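Inspection log for the structure reproduced underneath, given as structure tokens.
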Amino acid sequence: MTVPIRSSMPVDPLVLEGWERQNTLDEPRLSEVAEMYRETGFEVRIEPFDPDKESGCTECLRASAEKYKTIYTRRLQDDG
């Protein structure tokens, strides 16, 4: 019998839309990494960082959460 694994973390609505959460960064690395994903064929979405949605330790980031952003990516859709 298989028992489903349940997480206490809510499902990220962006993940349901096909986005994959990559990482949380601040500038200048944020822009560098976002551009690298774009250059390698990904659509990039940058969202405000919310420490309450993270499963790991965020104590260091909480002190200045407003300067951090989370990068989500998904492959560009091929219309052909």
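Only the coordinates and a few stated rules stand behind these numbers; no lab work does. Computed from a prediction, not measured in an experiment: that's the story for all the values here. Heads up, the Cβs are rebuilt from the backbone with ideal geometry, glycines too, and the neighbour counts pull from every protein chain shown.
Per DSSP helix of 4 or more residues, -39500 (n - 2.57); summed, then divided by the residues of the chain. What does that give at 222 nm, rounded to the nearest 500?
Taking each H run of at least 4 residues, the total per residue is -5500 deg cm²/dmol.
Which is farthest toward the positive dipole end of region 16-75 among 25, 40, 63, measuring Cα position about the Cα centre, with Cβ charges +1 (Lys, Arg) and -1 (Asp, Glu)?
Of the candidates, 40 comes out farthest on the positive side.
Which distance in nm do the two modelled labels at residue 75 and residue 17 give, with both placed 7 Å along the Cα-to-Cβ direction?
It is 2.0 nm.
Relative contact order for the chain: what percent, with Cα pairs under 8 Å and sequence separation of 6 or more?
With pairs under 8 Å counted, the relative contact order is 40 percent.
Need the full-extension length gain, residue 52 to residue 40, defined as separation in residues times 0.36 nm minus the C-alpha distance. One decimal, nm.
Between residue 52 and residue 40, full extension yields an extra 1.3 nm.
With a ≥ b ≥ c taken as the square roots of the eigenvalues of the C-alpha gyration tensor of region 5-72, please select rounded if a/c is under 1.5 and otherwise prolate if a/b is larger than b/c or oblate if it is not?
Oblate is the answer for region 5-72, as a/c is 1.5 or above yet b/c matches or exceeds a/b.
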